[in-house]
Amino acid sequence: MDVGELYHSLKIENIVASGRVAEALDIEFLSGALDGCVLNKKKFPGAIYHMKVPKIALLLFSSGKIVMTGISNKDEFHEGLATIVRQLQQHGIQTLESPDVVISNMVCSYDSGNFINLNKVVLTLSHERVEYEPEQFPGLVYRIDDPKVVALLFSSGKFILTGAKKIEDVKLAIDYLEERLKQIQ
C-alpha cells in the first residue's frame with residue numbers, strides 16, 4: 001500500500017495556532033476598526049475577530065498575543081497570519097518584525113476502514129495510556145507518548161487525533177495505531 005493510499009481518509013478538521021504578533025494591541029480600538037471584531041470584557045478578556053478571507057477566528061489580546069482557530073491547512077495558517085499582520089499595520093499598529101506564531105494543536109480525523117473491538121483493545125493495551133468507559137463515551141481514549149498525540153478510537157474504525165503540532169506526527173500516530181491494532185485484532 002503506498003503512502004497516499006494509506007492516508008487517503010486523513011482529514012484536518014481544525015488547526016489552532018498561537019503566539020505574539022506585537023508588543024501590545026489596543027483591542028478596544030481594533031474592535032471598532034476591524035469588521036467582524038467584537039470585544040466584551042465582561043465575558044472574555046480578548047477581542048474575538050472573525051476574519052472573512054481566509055475564514056478563520058482569532059482571539060486578540062492586549063498583550064500582543066493572538067490565537068487563531070478554524071484553520072484547515074498550513075497555507076491557510078500562513079495566509080491568515082499575513083492577513084492579520086497586514087490589517088494591524090494598516091490600522092497603525094506596530095507589529096513584530098517576525099511574528100512568533102506557531103501551530104499549537106491539530107485535530108484530524110481518519111478512517112481505518114476496519115471494525116475495532118474496543119473491549120479487546122482495552123484488555124490488551126497498557127492501561128495507563130487507555131481510558132474506556134462506554135457508558136460515558138463510545139470512544140476509547142489512547143494517549144501516545146511519541147509522538148505526543150491523543151487518539152479517540154471508535155468501533156467503526158474511525159479515529160480522532162489531537163495534540164499534534166505537525167501532520168507528520170499525525171501520520172506517525174496513525175502508523176503506530178494501525179500496527180498495534182493489527183497485533184490485537
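None of the figures in this text is laboratory data; all of them are computed from the coordinates on show. If you're wondering where the values come from, they're calculated on a predicted model, not measured in any experiment. Glycine gets a Cβ as well: all are built from the backbone with ideal geometry, and neighbour counts include every protein chain shown.
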(request) Please report, in debye to the nearest 20, how large the charge dipole of the chain is about its Cα centre when each Lys and Arg carries +1 at its beta carbon and each Asp and Glu carries -1 there. (result) 420 debye
(request) Just check region 16-63 against the gyration tensor rule for me: Cα atoms, a ≥ b ≥ c as the square roots of the eigenvalues, rounded for a/c under 1.5, and otherwise prolate or oblate depending on whether a/b exceeds b/c. (result) rounded
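How much FRET efficiency would the formula 1/(1 + (r/R0)^6) give for Leu172 and His50, where r is the Cβ-Cβ distance and R0 is 45 Å, rounded to 0.05? Don't jump to the answer; show the numbers that get you there.
Details: r = 34 Å, r/R0 = 0.75.
Result of the calculation: an efficiency of 0.85.
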(request) Calculate how steeply helix 167-184 sits against the longest principal axis of the alpha-carbon atoms of the chain, using the helix alpha-carbon long axis, and give the answer as 0 to 90 degrees to the nearest 10. (result) 20 degrees
(request) Return P(r) of region 1-97 (all Cα-Cα pairs; 10 Å bins starting at 0; whole %; ordered from short to long distances). (result) 15, 46, 24, 8, 6, 1
(request) Could I have the simple spin-label model distance between Asp145 and Leu96, label points 7 Å from Cα toward Cβ, reported in nm to one decimal? (result) 3.2 nm
(request) Can you give me the three principal axis dimensions of the chain from its C-alpha atoms, in Å, biggest first? (result) 60, 39, 24
(request) Please work out the C-alpha center-to-center distance from region 58-78 to region 130-169 and express it in whole Å. (result) 25 Å
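For the chain, what does the relative contact order come out to in percent, with C-alpha contacts under 8 Å and a separation of six or more?
Relative contact order for the chain comes out at 22 percent.
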(message) Past 27 Å, Cα to Cα: identify those pairs from Lys11/Lys182; Lys11/Lys41; Lys55/Lys165; Lys74/Lys158, in the order given.
(response) Lys11/Lys41
(message) Can you give me the distance in nm between label points at Asp111 and Asn40, each placed 7 Å from the Cα along the Cα-to-Cβ direction?
(response) 3.8 nm
